[in-house]
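Following: one structure in structure tokens, then a few remarks.
We did not get these values from a lab; they are worked out from the coordinates using the rules stated. Note that the structure is a prediction, hence the values are computed from the model and not measured. Here the Cβ positions follow ideal geometry from the backbone for every residue, glycine too, while neighbour counts run over all protein chains shown.
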Amino acid sequence: MTISAPVAANDRIYAVPKVTAIAICLDGCEPAYLDAAIADGLMPHLKRMRETGTDRLAHSVIPSFTNPNNLSIATGRPPIIHGICGNYLFEPETGQEVMMNDVRFLRAPTIFSMFYDAGAKVAIVTAKDKLRALLGAGLKFDQDRARCFSAEKSDSSTKAEHGQDKASAWLGMPQPEVYSADLSEFVFAAGVKLLKEWQPDLMYLTTTDYVQHKYAPDDAEAKSFYKMFDGYLGQLDAMGAAIVVTADHGMKPKHLTDGSPAVVYVQDLLDGWLGKAAARLILPITDPYVVHHGALGSYATAYLPEGADQADIIAKLKATPGITHVLTRAEAVKRFELPADRIGDIVLVSGENMTIGTSAHRHDLAALNEPLRSHGGLTEQVVPFIANRVLDLPEAPVLRNFDAFYYATKAAAL
């Protein structure tokens with residue numbers, strides 16, 4: 001082991017692992033997916049982990065989107081600390097809507113960088129490249145102590161920038177198509193090879209929710225995905241690593257009985273109440289990969305024009321079918337632990353089977369060839385938290401998905 005003292009990161013103390021500590025983020029893993037696959041006998045390794053290790057449910061951060069939760073897992077803290085409160089945001093100072101995947105948006109060091117600075121070997125494998133720079137912030141690749149690459153760009157990874165030249169050739173798997181289950185399988189296969197050949201102290205494997213957006217827990221395609229994952233999980237477990245399996249968010253059906261998306265187009269409502277484009281609705285689910293969800297999720301934030309009657313707008317939105325929560329900025333900061341300067345005047349959440357859109361003409365839904373499944377709200381906040389060790393977990397406060405490395409390193413230190 002390359003470190004000798006506990007590591008302090010964002011006001012938490014992480015134990016020195018004696019074996020590799022691994023956190024796996026199964027993107028979009030509604031707990032029902034695991035239950036369905038286990039019931040069919042497709043996940044014997046995870047079933048055994050649940051029976052002999054630790055089997056709990058945890059809460060993701062809100063909004064229950066990819067970037068906020070991956071960075072919470074990576075820092076061990078909520079968005080109010082690390083600053084990443086969506087995949088996408090509006091910058092009032094520039095008047096621009098931008099992707100929140102640049103390191104300049106990150107306000108706290110990652111656990112990975114703190115372990116690296118303490119002398120540890122760190123490995124991070126992501127499915128999509130949008131997370132790679134954020135998760136790898138602070139790592140250096142000149143001492144062979146860090147690997148951080150994505151499946152999406154695995155053909156072009158370099159030792160200087162990612163710690164691994166041509167990861168696809170190294171792994172012996174072709175660079176996967178971004179809209180595929182293969183993207184996640186690449187992550188798992190790379191994790192197995194890294195653990196076997198490189199033996200990092202800390203490893204993070206994070207996938208894509210392409211399958212979960214398209215298929216329900218009882219669908220054959222979803223069960224096939226989890227059977228594939230279980231095979232790799234068994235290999236990681238057999239090599240002695242301490243593993244925590246969690247997720248960034250769940251996934252719920254968001255469609256009408258005819259299969260069409262269930263949407264409240266809130267920008268259109270605001271235009272009718274306040275005048276065209278007087279208010280600006282932001283959908284933080286938006287990212288470069290919208291084919292499988294059409295930028296429709298269950299969380300949004302809105303910037304209102306100066307002088308608008310905020311109480312009146314909130315009352316009207318609360319009365320809108322499908323909208324379950326409408327909070328002021330101050331209320332959202334307190335309840336959801338969000339950075340106040342990166343959200344609008346109000347925050348909206350929709351229900352289990354409803355999404356929030358901007359204007360109907362702004363969403364390209366042509367590629368939705370399956371009934372919409374999506375996430376972002378409180379109904380997608382419950383996620384699995386499963387370990388291959390018996391963990392001493394508190395009953396209260398509520399367990400969080402971003403506790404994954406805290407408990408993985410404790411288990412790996414025993």
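With the convex hull drawn over the C-alpha atoms of segment 321-397, the volume per residue is 180 Å³.
Here the contact order of segment 7-126, divided by its residue count and restricted to Cα pairs under 8 Å and six or more residues apart, works out to 23 percent. Over all distinct Cα-Cα pairs of segment 135-250, the Kirkwood formula returns a hydrodynamic radius of 15.1 Å.
Among the DSSP beta bridges whose two residues both lie in the chain, what percent are antiparallel, rounded to the nearest 5? Could the numbers behind the result be given before it?
Values: 31 of 55 bridges.
Antiparallel bridges: around 55 percent, rounded to the nearest 5.
From the Kirkwood radius over Cα pairs of the chain, Stokes-Einstein at 10 °C and 1.306 mPa s returns a whole-number translational diffusion coefficient of 74 µm²/s.
Remark: the chain carries a charge dipole of roughly 880 debye about the Cα centre, counting +1 on each Lys and Arg Cβ and -1 on each Asp and Glu Cβ. Could you name the lysines in cross-link range of Lys276, using Cα to Cα under 18 Å and dropping any fewer than eight places away on the same chain? Of all the lysines, those that pass the test against Lys276 - Cα under 18 Å, at least 8 places apart if same chain - are Lys316. Projecting the Cα atoms of Leu378, Ala220, Gly119 onto the charge dipole of the chain (Cβ charges, centred on the Cα centre) puts Gly119 farthest toward the positive pole. Highest mean first, the peptides 21-27, 138-144 sorted by other C-beta atoms within 10 Å per residue fall in the order 21-27, 138-144.
Only Lys, Arg, Asp and Glu carry charge here, each on its Cβ (+1 for the first two, -1 for the last two); on that basis segment 263-373 has a dipole of about 80 debye about its Cα centre.
Once you keep just the Cα pairs under 8 angstrom separated by 6 or more residues, what percentage relative contact order results for the chain?
Numbers: 993 pairs, mean separation 119.9, N = 414.
Here the relative contact order equals 29 percent.
Between segment 170-214 and segment 59-128, the C-alpha centres lie 20 angstrom from each other. Each listed q (0.09 Å⁻¹) maps to a log10 I(q)/I(0) for segment 263-373 from the Debye sum over equal C-alpha point scatterers, namely -0.22.
Cross-link partners of Lys252 among lysines, defined as those whose alpha carbon lies under 22 angstrom from its own and excluding same-chain residues fewer than eight positions apart: Lys128, Lys214, Lys223, Lys227, Lys318. Each of Thr246, Thr208, Thr75 was placed along the dipole of the chain (beta-carbon charges, centred on the mean Cα), and the one lying farthest toward the positive end is Thr75.
Loop-located chymotrypsin sites (Phe, Trp or Tyr not before Pro) in segment 324-414 (DSSP state other than H, G, I, E, B) with a sparse environment of at most 11 neighbouring Cβ atoms within 10 Å are absent.
Could you pull out the trypsin sites (Lys or Arg not before Pro) across segment 51-118 that fall in loop regions by DSSP (anything but H, G, I, E, B) with no more than 16 other Cβ atoms inside 10 Å? Write out the running numbers ahead of the final one.
Details: sites: Arg56, Arg104, Arg107; in loops: Arg107.
Hits after loop and neighbour filter: Arg107.
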